[in-house]
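See structure below.
The values are calculated or read from the model by the stated rules, or taken from the named source; none is laboratory data. Treat the numbers as computed from the prediction; the structure is a model and nothing was measured. Because the Cβ atoms are built from the backbone with ideal geometry, glycine has one as well, and the counts that use them run over all protein chains shown.
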Amino acid sequence: MRFIGIDGGGTKTASILFDEKGRVLAEHIAGPCNPNVFGFDESAALVKGVVASLTQGDPQSVSAIYIGTAGIFTEDDGPRFAAAVAEACGVERVKCENDVMNVIASATDSDRCVAGVSGTGMIVYAKEPGRVTRFGGWGYLLGQGGSGYDIGRDVIRAALGESEGVSAATALTSLVERKAGMALDRLVPEIYRRGPSFVASFAPLAFEAEADGDVAAADILAANARTFAGLLNHAAETRDCGSEVVVSGGIAGNARFGELLAEELDESLRLVVPSRPQVIGACINCARMCGVEVSRMEASEADCAAR
C-alpha cells in the first residue's frame, strides 16, 4: 500500500509518498497551495501535479491522500477541496484539513494541546478530546498580526514611513530596497501585483535588522510575537486543552521569534517547537485515517532542509 501526505502553505507545498511501514518512497516540493487564495480548481491542479510527480504518473497506485493546507476556513472547505482533489487525481480516499493538524501530529499524540502556525499566515487551534476550536487565521486582509505577511508588511511600512519622514530612521529601508532590487516607489506596484507571499518574503529582514540593534525592527517583532502569544494564551484559557503549546511555521520556528513568544506566553504553558517538518504530520494523519501506524517515520535530510 502507498500513501501521500501533503503540507500546503502560502510559500510552498511539501509532499511525501510512503508505504505502510513508514518508508519514504519519494518527496516533492511545489509552489504554494491555498484554496482560499488561489481557488479550489488551481489548488487542486497543483496537487494533481504533485501526485503525478510522486507516483511517476500512476496516481491510482495510491490508497489515500491526506492534505493539511492553509486556507481551510469553514466546515465544508475541507470536504469540498478533498472532493476536488479526488476528482482531479482519480484517488477515491482523500481528506483535507487545515495545516495546523499537521503541526499537532508532527509534535504530539496528546488529545489536548494548543497549536499555532505562523508562516505566511497565522492560525491557532485548541485541541480537546473530540473537539478542535479555531482562533484567528482569517487571512491577510483580516488578520491582526503574528504572521510572516504581517511582519513583512510592517517592515515595508517602516521603510516607507522613513522615506516620507513620518517615522524614525531604520536600517530596514536599505534592506528592503536591496532585497527588492529597486527603489521603494517602484516596489509598491510589485507588492500589489505579486500578493501576500511576496510581502511575507520581506519578514526575514526584521530579524536581520533586529540582530544589528535596529529599534523599528525590534518593535515589529515584539508586537507580532505579542499578538500570536495573545491568541495562544486565549485558546489555553478558554478551552480544556492542557498546558502544551505546539507552534510551527517559518516564523514560529525562528529561534529569536521563539524567545519573544516564550516571554509573552502564560507561565503555566510549555512551548514546543516540533523537530520534524509539518509534512511528516500530514503523513501521520494520512496513516491514521487508514488505520496504519507510522509515527516513527522521518523525512530525508533534504526535506528537513527545505522546510
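Restricted to region 106-129, and to residues that are polar (S, T, N, Q) and more than 14 Å from Ala229 (Cβ to Cβ), which residue is surrounded by the most Cβ atoms within 10 Å (Cβ to Cβ)?
Checking each candidate, the answer is Thr120.
Would you be able to say whether some residue in region 244-255 is charged (D, E, K, R) and surrounded by 14 or more Cβ atoms within 10 Å (Cβ to Cβ)?
yes
Of everything in region 25-42, what is modelled with pLDDT under 95 and surrounded by 16 or more Cβ atoms within 10 Å (Cβ to Cβ)? Give them in sequence order.
Pro32, Cys33, Asn34, Pro35, Asn36, Val37, Phe38, Phe40 - these are the residues of region 25-42 that are modelled with pLDDT under 95 and surrounded by 16 or more Cβ atoms within 10 Å (Cβ to Cβ).
Would you check which residues across region 188-218 are surrounded by fewer than 21 Cβ atoms within 10 Å (Cβ to Cβ), in contact with a helix residue (DSSP H, G or I) (Cβ under 8 Å, 6 or more places away or on another chain) and of a type in the set (Asp, Glu) and list them?
Selection gives Glu190, Glu208.
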